[in-house]
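J.: Sharing a structure with you now.
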C-alpha cells in the first residue's frame, strides 16, 4: 500500500512538472511573438537614430578630433537591442527571474529615462504613416471641428453665466 502511494505521488509530481513545462513554453511562445512585433517597432527607429548619431559623431570627430566612442557605443547597443530582447525572454523563462541589481526598477525615474525614446518612436511611425498615406489628416475638417468646439465652449459658458 505504501508503494502505491509513493508511485501516485511520483506520478503526480511528474504530471505537475510536465504541466508547468508546457505552460512555460506556451508563455514563452506568446511573449516571443509579441516581442517580434513590439520589439521591431522600437528597434527600427532606435537603429535609424543611432546610425544618424554615429554618422554625426564621425563628422565631428573628423573635424575636431573628439572621440566618437559614445556614438560607437550607442550604435552597438542599438544593433543588439532586438536580439537582446529575445535573449532576455529566453533567459527569464528558463531561469526564472532576471535578477539584476543594476537594472532600473519601474519607477517614475525609470519612465523618464525611456520617455524620449518612446516619444521618438511614436513620432517616427506617425511621420512614416503620414508620408506613405497610412495616416491621413483632413485639415479643413480639423479646422471645422475646432471652430465648432470653440462655439460650443462659448455657448456653454455664456449659459452658465446667465
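J.: From 75, 130, which residue is at pLDDT below 90 and part of a helix (DSSP H, G or I)?
T.: It is 130.
J.: From 32, 47, 84, 15, which residue is touching a residue at least 24 places away in the same chain (Cβ under 8 Å), farther than 21 Å from residue 122 by Cα and either out of contact with any strand residue (DSSP E or B) (no Cβ under 9 Å at 6 or more places or on another chain) or in a helix (DSSP H, G or I) (or both)?
T.: 32
J.: Give the residue, chosen from 54, 42, that is in contact with a helix residue (DSSP H, G or I) (Cβ under 6 Å, 6 or more places away or on another chain), surrounded by 14 or more Cβ atoms within 10 Å (Cβ to Cβ) and touching a residue at least 40 places away in the same chain (Cβ under 8 Å).
T.: 42
J.: With respect to residue 22, determine if the residue is modelled with pLDDT of 95 or more, at negative phi and surrounded by fewer than 11 Cβ atoms within 10 Å (Cβ to Cβ).
T.: no
J.: From the list 97, 67, 57, 102, pick out the single residue that is modelled with pLDDT of 90 or more and outside any helix (DSSP H, G or I).
T.: 67
J.: A further question on this structure: Quick check, is residue 148 more than 30 Å from residue 35 (Cβ to Cβ) and modelled with pLDDT of 85 or more?
T.: For residue 148, the condition - more than 30 Å from residue 35 (Cβ to Cβ) and modelled with pLDDT of 85 or more - is met.
J.: Same structure again: Within the group 78, 83, 92, which residue is exposed (fewer than 12 other Cβ atoms within 10 Å of the Cβ) and under 22 Å from the mean Cα position of the chain (by Cα)?
T.: 83
The values are calculated or read from the model by the stated rules, or taken from the named source; none is laboratory data. The structure presented is a predicted model; accordingly, all values stated were derived computationally and were not measured. Every residue, glycine as well, gets a Cβ built from its backbone with ideal geometry; the counts of neighbours run over all protein chains shown.
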